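The values are calculated or read from the model by the stated rules, or taken from the named source; none is laboratory data. What you see is a predicted model, and the numbers here were worked out from it, not measured in a lab. Cβ sites come from the backbone with ideal geometry, for glycine too, and all protein chains shown count toward neighbours. Just so you know, the surface numbers come from the protein's heavy atoms only, side chains and all, with ligands and any DNA or RNA stripped out. Shrake-Rupley method; radii C 1.70, N 1.55, O 1.52, S 1.80 Å.
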Amino acid sequence: MEQFTGKVWVLGDDIDTDIIIPTEYLALPTVEDMKQYGFSPLRPELASQIQEGDIIVAGKNFGCGSSREQAPEIIKALGIQCVIAKSFARIHMANLINAGIIPFIFEEEADYDKIDLGDELEIKDIRKKIKNGQSIVLFNKTKEIYIPLKVTFFERQIDIILAGGTLNYAKLQNK
């Protein structure tokens with residue numbers, strides 16, 4: 001988790017948990033079974049196109065709606081380790097952290113418009129910068145521009161993210 005480099009999938013405002021994983025697929029036995037339906041109301045083909053290490057860039061209120069824990073698990077199962085948004089629904093942001101997915105917020109909402117579908121982004125030295133309270137800056141390699149990001153985590157949340165999620169964090173605490 002020292003750095004991310006990945007292709008961007010740009011989503012708009014108010015992407016709710018019913019878009020991330022529709023209710024009708026929650027009865028499937030595992031997250032692996034469900035993940036193929038991730039984001040299907042928005043773009044039916046999206047789940048099959050996302051590659052390990054890709055990054056979601058979203059507008060306002062990402063993860064609004066129900067607080068179902070399957071939504072961040074689907075995102076993680078698709079290989080996304082980082083979501084950058086204008087803002088997050090509070091409970092969903094906590095669920096992302098608990099799943100070990102880093103939720104970054106744009107310093108300026110207008111920076112969302114500097115990233116396009118397919119751009120390649122890079123974020124370096126994440127662990128070091130988060131632990132030292134330093135600013136995180138993403139580099140849009142496609143457009144050769146830097147964009148500052150907010151880090152709004154408590155120390156324990158940072159430890160959970162760095163451990164890869166709540167379960168991994170608990171295992172480390174019990175060693």
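With charges only on Cβ, +1 for K and R and -1 for D and E, what is the dipole size of the chain about its Cα centre, in debye, rounded to 20? Provide the component values of the computation, followed by the final result.
Working: 20 positive and 26 negative charges, 151 e Å.
In debye, rounded to 20, the chain gives about 720.
Under the 0.36 nm per residue contour assumption, what length would be gained going from the current alpha-carbon distance of residue 60 and residue 168 to full extension? Can you show the working numbers first?
On the way: separation 108, 0.36 × 108 = 38.88 nm, distance 2.95 nm.
This chain segment gains 35.9 nm when fully extended.
So for the range 51-175, Kirkwood radius off the Cα pairs, Stokes-Einstein at 37 °C and 0.692 mPa s: how many µm² s⁻¹?
Values: Rh = 14.9 Å.
My calculation gives 221 µm²/s for D.
State the Cα centre-to-centre distance between the range 64-88 and the range 1-37 in whole Å.
Centre-to-centre distance over Cα atoms comes out at 6 Å.
Per the helix-only calculation at 222 nm, which mean residue ellipticity applies to the chain, given -39500 (n - 2.57) for every DSSP H run of n ≥ 4 and division by its residues, nearest 500 deg cm²/dmol?
Numbers: 8 runs with 53 residues, N = 175.
Helices in the chain give a 222 nm mean residue ellipticity of -7500 deg cm²/dmol.
For residue 129, go through the aspartates and glutamates and keep the ones whose alpha-carbon is under 19 Å away, minus same-chain ones fewer than eight residues off.
2, 107, 155, 159
Ratio of alpha-carbon Rg to the 2.2 N^0.38 Å globular estimate for the range 108-159, to two decimals, please.
Numbers: Rg = 12.3 Å, N = 52, 2.2 N^0.38 = 9.9 Å.
Rounded to two decimals, the normalised Rg is 1.25.
Among 137, 83, 57, which one moves the most in a GNM of the chain with springs linking Cα atoms closer than 10 Å?
137
Kindly sort 117, 167, 11 by accessible area of their heavy atoms, largest first, with the probe set to 1.4 Å.
Details: 117 105, 167 135, 11 5 Å².
My answer, sorted largest first, is 167, 117, 11.
Leaving out same-chain residues fewer than 8 places away, which lysines sit with a Cα under 25 Å from that of residue 128?
7, 76, 86, 141, 150, 171, 175
Please return the longest range in the chain lying between exposed loop sites, taking GluC sites (Glu not before Pro), DSSP loop only, at most 10 other beta-carbon atoms within 10 Å, and leaving the sites out. Working shown, then result.
Working: sites that count: 2, 45, 52, 144.
Segment 53-143 is the longest.
Count the DSSP beta bridges whose two residues both fall in the chain, then state the antiparallel fraction as a percent rounded to the nearest 5.
Working: 14 of 26 bridges.
In the chain, approximately 55 percent of DSSP beta bridges are antiparallel ones.
Given the convex hull over the Cα atoms of the range 10-78, what projected area results after averaging over all orientations, in nm²? Walk me through the intermediate numbers first.
Working: hull surface 16.5 nm².
For the range 10-78, averaging the hull's shadow over all directions gives 4.1 nm².
Per-residue HN-Hα couplings for the range 112-118, Karplus 6.51 cos²θ - 1.76 cosθ + 1.60 at θ = phi - 60°, whole Hz, x for Gly and Pro?
Computed from phi, the couplings for the range 112-118 are 3, 6, 8, 10, 10, 3, x Hz.
Given the options 74, 145, 130, state which has the largest fluctuation in a GNM of the chain using a 10 Å cut-off (strictly under) for Cα springs.
145
Around residue 23, under 12 Å between beta carbons, what's the net of Lys plus Arg minus Asp minus Glu among the other residues?
Details: positive: 68; negative: 16, 18, 24.
Net local charge, residue 23 excluded: -2.
Can you tell which of 18, 113, 54 shows the greatest fluctuation in a Gaussian network model of the chain with Cα springs below 10 Å?
For the chain, modelled as a Gaussian network with Cα springs under 10 Å, the answer is 113.
Looking at the range 93-170, which trypsin sites (Lys or Arg not before Pro) are in a loop (DSSP not H, G, I, E or B) and have at most 12 other Cβ atoms within 10 Å? All intermediate terms of the calculation are to be shown ahead of the outcome.
On the way: sites: 114, 124, 127, 128, 129, 131, 141, 143, 150, 156; in loops: 124, 141, 143.
Qualifying residues, ordered by number: 141.
Given Cα pairs under 8 Å that are at least 6 residues apart, what percent is the relative contact order of the chain? Don't jump to the answer; show the numbers that get you there.
On the way: 364 pairs, mean separation 41.2, N = 175.
That works out to 24 percent.
If you plug each phi of the range 45-53 into the Karplus form 6.51 cos²θ - 1.76 cosθ + 1.60 with θ = phi - 60°, what whole-Hz ³J(HN,Hα) values come out, in order, with x for Gly and Pro?
Calculated HN-Hα couplings, in order: 8, 4, 4, 6, 9, 5, 10, 3, x Hz.
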